[in-house]
Every structure is written in structure tokens, then in C-alpha cells.
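A.B. asks: This structure is in C-alpha cells; I'll ask about it shortly.
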């Protein structure tokens, strides 16, 4: 989901919603003639209610706020702003790109592709739409099309958003060196605190999933130095502490994380760390967040498939995983379905999905572990990484 985060924050919305997932700075308020103050976007729209691009920008801010605050009601506000923008000019590429970003934020990736392609038809030189397209195609499992969109974005607007997506594409191919190199390009290009925090955080994530906790922690610390309010980096510190066996420190950090941003991923990580520390996990807030997201039109069968497989009802996990894979047959969805089937006692049915999830060479320790366990259940002699801790599986998921 890095690609997701990339877009919205750094480029369309700054360049994409994504696509689907991290933080980016909210656009600056638009200036007015009076140099003594600055006009907010809402004030501008009251003065110029026919500004369709202004409404599209407001929608992008709302989508960003949904990610930053964890409050899915902002998606509903974004939908309203985009409805106004579309009434004024539904063929404008900024409006269509905003609609595509919102669809991606709600995990409706097929709709995101359709809308992004319409935006590109309206303006072939709009890099933002290519960012959404790349993110959505990735989640749909069409990595070649995603790479083409990334390449086009690199041609049109090389920068943080494009380099970050190129990094993710390389990572999915198993090219860790290339992924790191593109992220370093993104870091070199970054100048705002938000972009610096973003690129440093994902450099930390690459190190974490390569097993280098010291380097990962260093990048998370540098991310927070650039932008102290950047919650993903705080979560990264908690993750590294937990995986390093410093469970009390990790839980203290997770308390701060979920107070700031109670996203399901962080709540699950916190719960698993509590269990690892010999405490009980309380999933009450997690279930409340689930209802809030559903009420806001966010379909997140993936999260619930993974959660139910590890901490709940395997039959429910299979149901959610099948629904996710039917809509968005990407690598992570294939892994979720494989693991759910395995936990439900169907390793033979699970294996083809596990093979699909690992077919590109992506060096994801969680996917590798899942496939190894499935193959072992079928009587095959395969090695399970002894350094992987299955009791902290949520911490191995890529954000």
C-alpha cells in the first residue's frame, strides 16, 4: 500500500491517494490579495462557488485528512465535494483524478482504474492520474500495466511521488537494491518536512523487512526529526522495538501511536505485541473502527481476512479473502486467501494462491513464511525462516 500512500500525499492529492496509504501534507491555503492574511480553500469556494478545480482540491484534502486522522467520515465529505465539482465540470482531469483517488482510498480499485484512465484521456500530461493508475493496477495484480504507468509518471514528473512508486515496483519484483536506490532518489528530491519524513520512513521499512533493525530504527528516528507528527515513523519505532524483543518499549510506543491514529493495522500490531508480552489483547477499538470504515463506504476485506485468520474465525477469514481477491486480485490478496484457506484446513486449495503471491520474487518475509507452512502441511520438505516470528505477523506486513 505504499504506492497508495505515495500518491495522495505527495502528489494529487498531490499525486495520488496512494494510493492508498501514508501521510502527506495538506495543501497550503490559497493566498488572497491582502498580504496580511491567507484565504482558506473553503473561503475561496464561498467566494467562487463555480471553481470546479477548487472543489476537487478540497476533496483531495478530505481524502488526505481521512488518512492522517484515521477518521473515515472525511471520505464522505470528499464524495460531496467531488459531486459538486463533477456538476460543474465532470470531464475535467482534476475532477476525474480526484474521483479516482477517492475510489482507491475506499479500495475500489477497478473504479479507480476506470476514472484514472478517463482523466488521462482528458489530459495525457497529468502525472497525478498516472499515479492513481499505477497504484490501482498494482492492487489488481496487473504489475506490467502498473510499471507502464510508473514509467509515464517518471517521464512527466520525476520526483518524490514517481520515485516512490518506482521503488515499490522494484520491490515487488524482488529487486531490493533497486527499491532502495529509487527511494534514495526520492529522498534526495524531497525538501518539505512531510516528504522527508515519508521517504525516510520507507527506507526504514525496507531495512526492517530485510532484518536490519538497527538501520530501520535509524531511519524512523530521522523521519521523526524531519516531521515529529509523522505517526507511521513512530509506529515503525514500535515495530522495530517489538521485533527486537523490547516489548515494554514497544507497547509504550504503540500507546502513543493509537492515541494519534487508531488505524486497524496499528491496533492489530499493538494487540499482537500485547499477546507476545503475556498480556491480553483488547480488540474492542479495532471492531469499532471496522464499523466506522464500513459506514464511510470503505471496503477492507483484506484487513479482516488477515485478522480473522490469525486471531478469529478461519471460515470468516476465507469469506473476506475470497471477496477481496475477487475484486482486487493482487499479490497481497492472493497471500491473504492462501493463508485463510490454510488456517481453515485446506492447504491443497491454498497452495496455488501462495504460489501466485510469491511468483514475482518479492522478498516479503510474511508471504515466504505462509507459503512454507502451506507446503509443509502438504508433506513437502521446505525451510521455514527460523528468524521469522509468526506471533508478530502483523508487524511483518508492508504498510
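The values are calculated or read from the model by the stated rules, or taken from the named source; none is laboratory data. Model, not experiment: these values are computed from the prediction. Every residue, glycine among them, receives a Cβ derived from its backbone with ideal geometry; neighbour counts consider all protein chains shown.
A.B. asks: Have a look at 177, 195, 188 and point out the one that is under 29 Å from residue 389 (Cβ atoms) and either modelled with pLDDT of 95 or more or outside the structural domain of residue 388 (by TED's automatic domain parsing) (or both).
C.D. replies: None of the others qualify; the one that does is 177.
A.B. asks: Could you list, in sequence order, the residues of the stretch 130-145 that are touching a residue at least 60 places away in the same chain (Cβ under 8 Å) and in a helix (DSSP H, G or I)?
C.D. replies: Once the filter is applied, which keeps residues that are touching a residue at least 60 places away in the same chain (Cβ under 8 Å) and in a helix (DSSP H, G or I), the stretch 130-145 yields 131, 132, 134, 135, 136, 138, 139, 143.
A.B. asks: Output the residues belonging to the stretch 72-105 that are surrounded by fewer than 21 Cβ atoms within 10 Å (Cβ to Cβ), without any contact (Cβ under 8 Å) to a residue 60 or more places away in the chain and either within 21 Å of the chain's Cα centre (by Cα) or within 17 Å of residue 297 (Cβ to Cβ) (or both).
C.D. replies: 77, 80, 83, 86
A.B. asks: Do we have residue 293 as assigned to a helix (DSSP H, G or I), farther than 26 Å from residue 363 by Cβ and not assigned by TED's automatic domain parsing to the domain that holds residue 112 here?
C.D. replies: yes
A.B. asks: In the stretch 186-205, what residues are surrounded by 20 or more Cβ atoms within 10 Å (Cβ to Cβ) and either without any contact (Cβ under 8 Å) to a residue 40 or more places away in the chain or in a loop (DSSP other than H, G, I, E, B) (or both)?
C.D. replies: 186, 187, 190, 196, 199, 200, 203, 204
A.B. asks: Filter the stretch 133-161 down to the residues that are surrounded by 24 or more Cβ atoms within 10 Å (Cβ to Cβ), at pLDDT below 95 and farther than 22 Å from residue 334 by Cβ, then identify the one that is farthest from the chain's Cα centre (by Cα).
C.D. replies: The residue in question is 160.
A.B. asks: So, residue 310, is that one within 24 Å of residue 267 (Cβ to Cβ), in contact with a helix residue (DSSP H, G or I) (Cβ under 9 Å, 6 or more places away or on another chain), surrounded by fewer than 18 Cβ atoms within 10 Å (Cβ to Cβ) and in contact (Cβ under 8 Å) with a residue 60 or more places away in the chain or not?
C.D. replies: Here the answer is no, as residue 310 does not meet what is asked.
A.B. asks: Now for a different question. Working only within the stretch 215-232, note down all residues that are modelled with pLDDT of 95 or more and in contact with a helix residue (DSSP H, G or I) (Cβ under 8 Å, 6 or more places away or on another chain).
C.D. replies: Of everything in the stretch 215-232, those that are modelled with pLDDT of 95 or more and in contact with a helix residue (DSSP H, G or I) (Cβ under 8 Å, 6 or more places away or on another chain) turn out to be 215, 216, 217, 218, 219, 220, 221, 222, 223, 224, 226.
A.B. asks: If I filter the stretch 115-129 for residues that are in the same structural domain as residue 151 (by TED's automatic domain parsing), free of Cβ contacts under 8 Å to residues at least 12 places away in the same chain, assigned to a helix (DSSP H, G or I) and within 18 Å of the chain's Cα centre (by Cα), do I get at least one hit?
C.D. replies: Within the stretch 115-129, none of the residues are in the same structural domain as residue 151 (by TED's automatic domain parsing), free of Cβ contacts under 8 Å to residues at least 12 places away in the same chain, assigned to a helix (DSSP H, G or I) and within 18 Å of the chain's Cα centre (by Cα).
A.B. asks: Looking at (1) over 17 Å from the mean Cα position of the chain (by Cα); (2) under 19 Å from residue 197 (Cα atoms); (3) surrounded by 24 or more Cβ atoms within 10 Å (Cβ to Cβ), which is the one condition that is false for residue 230?
C.D. replies: The single condition residue 230 does not satisfy is (1).
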